[in-house]
C-alpha cells in the first residue's frame, strides 16, 4: 500500500519537474542518454556541483527510477557505463586493487564529461585565463568540447583559434526584447525568490537548488 501511494506521488511530481526543467533553464540538452543501460542495476556517479539540483535533474531526465543558475544553459551528459563485473576476478584476488581500478575508471569518466585542470598549483591562474578566453557555442555538447579544448591548450601553452557562434547584436534584438519583457513581468516573483534563497541557503552550493525549487512551485501559484 505504501509503495502504491508513493508511486501516486512520485510519478506526477517527476513529470512536473521534467516539464518545468525545460521552462526554467534557457537551454537544456541531454547527451549520451544511449549510454544508460536499459536493465540491471546502475549507479550514477554524478559530478554534482549544485548540491541537490543535479541529482534531481538526473532523476527526471533518465527513464531509470532514481532513489536517492536560473535561465542558464544546462547540459546533462551521460558517459559510457562502467561494468563492475569486469573487476570481479581482481576483487576476488585483492579488494583494494579492484576498488582503486573502479575509482580510476569513474574519475576518467567524469573528467571526460567535465572541465578538469590537471595542474593544481596554477589552478587559479588557469581558471582566470579560461574565463577570459572562453567563447560561446550555440550547441551545448559543442560548448563542452570547445571548453575542454581550451583548457587543454592553456595547459599545453598552445594557441586557441576556435571561433565563437555569437550573432551580431542587431540579429539578437527580437529575442532580447522578449527576454526583457519576461524579466519585467517576473520582477516581483524573482525578488521574492531571491529573498527566500538568501534566507534559506546558508551554503553557496545549495543556492541553485533552492532557487530552482522555489521557482517551479511559486510561479504556477502566483501566475
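The values are calculated or read from the model by the stated rules, or taken from the named source; none is laboratory data. This structure is a prediction, so every number in the text was calculated from the model and none was measured. Glycine gets a Cβ as well: all are built from the backbone with ideal geometry, and neighbour counts include every protein chain shown.
Scan segment 129-161 residue by residue and report those that are over 20 Å from residue 77 (Cβ atoms) and surrounded by 12 or more Cβ atoms within 10 Å (Cβ to Cβ). Spell out how you get there, then give the answer.
At the first step, the residues of segment 129-161 found to be over 20 Å from residue 77 (Cβ atoms) are 129, 131-133, 153-161.
Scanning segment 129-161 gives 129, 133, 153, 154, 155, 160.
Could you please let me know if residue 77 is closer than 26 Å to residue 25 by Cβ and either modelled with pLDDT under 90 or not assigned by TED's automatic domain parsing to the domain that holds residue 144 (or both)? Write out each step before concluding.
Numbers: closer than 26 Å to residue 25 by Cβ: yes; either modelled with pLDDT under 90 or not assigned by TED's automatic domain parsing to the domain that holds residue 144 (or both): yes.
Against the criterion (closer than 26 Å to residue 25 by Cβ and either modelled with pLDDT under 90 or not assigned by TED's automatic domain parsing to the domain that holds residue 144 (or both)), residue 77 qualifies.
From (1) at pLDDT 80 or above; (2) touching a helix residue (DSSP H, G or I) at 6+ places or on another chain (Cβ under 8 Å); (3) loosely packed, with under 14 Cβ neighbours inside 10 Å, pick out the condition that doesn't hold for residue 85.
Condition (2) is where residue 85 drops out.
Quick one: in segment 15-43, which of the residues that are at pLDDT 75 or above and in a loop (DSSP other than H, G, I, E, B) is surrounded by the most Cβ atoms within 10 Å (Cβ to Cβ)?
25
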